[in-house]
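Colleague: Could you have a look at this structure, given as structure tokens, before my questions?
The values are calculated or read from the model by the stated rules, or taken from the named source; none is laboratory data. Predicted model only: the values in this text are computed from it and were never measured. No Cβ is skipped: glycine too gets one built from the backbone with ideal geometry, and neighbour counts run over all protein chains shown. Quick note on the areas: whole protein, heavy atoms, side chains included, nothing else; ligands and nucleic acids left out. Shrake-Rupley method; radii C 1.70, N 1.55, O 1.52, S 1.80 Å.
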Amino acid sequence: MKALSLPKEQREQMIAQIQHFFEIERGESIGDLAADSVLDFFLQSAGPLIYNQALADCRTTLNERMAGLEEDIYALEQHPPLRPRR
């Protein structure tokens, strides 16, 4: 499986958010390299779990839409008129 990666701009935003988190929550200042390492750790360890949940959510949405489409198709069915018996 391909490792999760982020575009440069998103990666830089995440690094800044990690640094902010450490400053606010732990009272620690960490540099770009340390924040980048934390980001890599979470991308490798939690990334696949989050990705798999997103796929499960996608499957659920797709199944719901397919069920609705199936109902729409059944609604299009035509039936010949019934002729009374003589």
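Colleague: Give me the distance in nm between label points sitting 7 Å out from Cα along the Cα-to-Cβ direction at Arg26 and Ala56, one decimal.
Modeller: Here the answer is 2.9 nm between the modelled labels.
Colleague: Which of the following values of Rg/Rh (Cα atoms, Kirkwood Rh) was calculated from the structure shown: [x] 1.22; [y] 1.49; [z] 1.02?
Modeller: Label of the calculated value: [y].
Colleague: What do you get for GluC sites (Glu not before Pro) in segment 17-76 restricted to DSSP loop and a cutoff of at most 13 other Cβ within 10 Å of the site's Cβ?
Modeller: Of the GluC sites (Glu not before Pro), the ones in loops of segment 17-76 whose Cβ has at most 13 other Cβ atoms within 10 Å are Glu28.
Colleague: Given the rule -39500 (n - 2.57) for each run of at least 4 DSSP H residues, summed and divided by the residues of the chain, what is its mean residue ellipticity at 222 nm, to the nearest 500 deg cm²/dmol?
Modeller: Counting only the DSSP helices, I get -22500 deg cm²/dmol.
Colleague: Have a look at Ser29, Thr60, Ala75 and report the one farthest towards the positive end of the charge dipole of the chain, computed about the Cα centre with Cβ charges (Lys/Arg +1, Asp/Glu -1).
Modeller: The residue sitting most towards the positive pole is Ala75.
Colleague: Within segment 1-54, which trypsin sites (Lys or Arg not before Pro) sit in a loop by DSSP and count at most 15 neighbouring Cβ atoms inside 10 Å?
Modeller: Those satisfying the criteria are Lys2.
Colleague: Kindly report the accessible area of segment 1-77 per residue (heavy atoms of protein chains, probe 1.4 Å, no ligands, DNA or RNA), in Å².
Modeller: That works out to 84 Å² per residue.
Colleague: Express the carbon and sulfur contribution to the solvent-accessible surface of segment 1-66 as a percent, rounded to the nearest whole number, probe 1.4 angstrom.
Modeller: On the way: 3170 of 5460 Å².
Ligands and nucleic acids excluded, carbon and sulfur give 58 percent.
Colleague: OK, next. Return the distance in nm (one decimal) between the two label points of a simple spin-label model at Ala34 and Lys8, each offset 7 Å from Cα along Cα→Cβ.
Modeller: 2.6
Colleague: For the chain, list the DSSP H helices whose alpha carbon atoms reach 18 Å or more along the long axis and whose average Kyte-Doolittle value is 0.0 or above?
Modeller: Passing helices, by number: 32-45.
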